[in-house]
Amino acid sequence: MGASAIREILKVVSAPGMVSLAGGIPAPESFPLDIMEELTSRVIRRFGAGAFQYDLTEGFPPLREALVELLAERGIPAEAEQIYVTSGSQGVLDAIGKILIAPGDVVAVEAPTYLGAIQAFNPYEPTYVELQTDADGLIPESLEEVLESHPVKFVYLVPTFQNPTGRTIPVDRRRRIAEIAVRHDALLVEDDPYGALRYRGAPVPPIRTFAPENVLYASTLSKVFAPGLRIGFCLAPPPIDRWLVLSKQGVDLHTSTFNQALAAEYIAGGYLKRQLPRIVEIYRPRQEAMLSAMDQFFPDSFSWSRPEGGMFIWAEGPEGSDSDSMYREAVKRNVAFVPGRHFYTEPGKGLATMRLNYTMSGEAVIRRAIETLAEVLRASA
Ligand SMILES: Cc1ncc(COP(=O)(O)O)c(C=O)c1O
């Protein structure tokens, strides 16, 4: 399995004085601590012992009901019985690996892709084929070519504010991707943890809305409530939905009932609707601070993404530059980021790239960190 490269980096960045642009975690001040007591009382009043009892593997029914609303707001029609609750969306990824991947099976992933998905799938021993991307995310022709030339078990995508690039696939490409998936009878796994964190621009419909039979849609409350509660969920086409339940029965029976009850009240009680704009107002100025500092300080030889939301900016240096050595120099000056090569399944790719996160520090700190990082880049590029 191998230790996560990012966890190793996170150990380095916990050193005192270090400014970490490396993590991918929500700011603690984005958690709705002010309502947690009220929410807990409501859960006890409404559900009593039921909030502490064993429950259905598929998910706590009031949460599944509440998620119907949340999915409808994203344009996804669903019945409560179709929604499956997991321990984080990471729980969906592991379950998918377990039920779908036999050793040697081909899984298609964007290049670059979310490292945690690779970690979830690796124990089931797939082989990976990379899909080509550009500034608009997955290139549909690359998907077509890969589906024609490989026996792909499923395609894993993060179409909105992708981790690690922050890129979003525009709606016309989404339609083409959906059409290609339907024509090839392929299964797409659409992982959408960041779609709600939009700072500018109009929302883009999930790919699931264009091809419900071919898309397993996974999402999470980690970035809009609290990741420690571990509430993820998905909508899967049959028969995968049933297999997911069978697999979870053998793993943990169900996700924490109490946490699901909190999540149900958070959504149904209107708290999410009030909290989301607050979260957006924490992150928007941080992202703007990072982008404007990059505009001002980064060398002209670098280019970077300008996402309309999410948690990450992806930067790329000139050909031949080595973000690993830049990382080592930056850490000496108390700034950390993640070298981009870790997000590729093929070795030797992405050596000039880096992922920068802006959720964990205030604007002034971000600005100084980018100025320092730019000095390091200038010295090493
Ligand atoms: C693309 C993506 N998928 C899934 C996850 C897992 O999130 P969680 O298990 O907290 O829902 C993350 C977390 O950062 C992510 O970036």
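The values are calculated or read from the model by the stated rules, or taken from the named source; none is laboratory data. Just so you know, these numbers come straight off a predicted model, no measurement behind them. Cβ atoms come from the backbone with ideal geometry, glycine included; neighbour counts cover every protein chain shown. Surface accessibility is based on the protein's heavy atoms, side chains included, excluding ligands, DNA and RNA. Shrake-Rupley method; radii C 1.70, N 1.55, O 1.52, S 1.80 Å.
Two tests apply to each whole DSSP H helix in the chain, Cα reach of 24 Å or more along its axis and mean Kyte-Doolittle hydropathy of at least -1.0, and the ones passing both are 271-297, 363-380. Extending 7 Å from Cα along the Cβ direction at Glu141 and again at Ser292 yields two label points whose distance is 3.9 nm. Local charge for Leu143 was computed over the other residues whose Cβ lies under 12 Å away, with Lys and Arg +1 and Asp and Glu -1, and equals -3. For the chain, the fraction of 1.4 Å probe accessible surface lying on carbon and sulfur atoms is 53 percent. Taking the DSSP bridge list for the chain and keeping only pairs wholly inside it, about 55 percent are antiparallel. For the listed residue pairs Lys153/Lys248; Lys98/Lys153; Lys153/Lys223; Lys11/Lys332, the alpha carbons are over 19 angstrom apart in Lys153/Lys248; Lys153/Lys223.
R0 = 35 Å: FRET efficiency of Ser303 with Ala102, Cβ-based, nearest 0.05? With a Förster radius of 35 Å, E is 0.30. For the chain, set up a Gaussian network in which alpha carbons nearer than 10 Å are linked by springs, and say which option among Val280, Val92, Val158 fluctuates the most. Of the options given, Val280 has the highest mean-square fluctuation. Computed per residue of the chain from DSSP H runs no shorter than four, each worth -39500 (n - 2.57), the mean residue ellipticity at 222 nm is -13000 deg cm²/dmol.
Per residue, the chain exposes an accessible area of 41 Å² to a 1.4 Å probe, with every protein chain left in place. Here is the list for region 331-381: trypsin sites (Lys or Arg not before Pro) lying in DSSP coil, each with at most 16 other C-beta atoms within 10 angstrom of its C-beta, are Arg333, Lys349.
Between the beta carbons of Arg333 and Leu33, assuming R0 = 41 Å, the FRET efficiency works out to 0.75 to the nearest 0.05.
Here Ala72 and Arg378 are evaluated by their C-beta separation; at R0 = 56 Å the FRET efficiency comes out at 0.70. Distance between the 7 Å Cα→Cβ label points at Ile25 and Ala49: 3.7 nm. Restriction of the GluC sites (Glu not before Pro) in region 169-219 to DSSP coil positions whose beta-carbon has at most 11 other beta-carbons within 10 angstrom yields Glu213. For Asp185 and Arg368, the difference between the fully extended length at 0.36 nm per residue and the C-alpha to C-alpha distance is 60.9 nm.
With 0.36 nm allotted per residue and the present C-alpha distance subtracted, the Ser247-Thr127 stretch has 41.0 nm of extension available.
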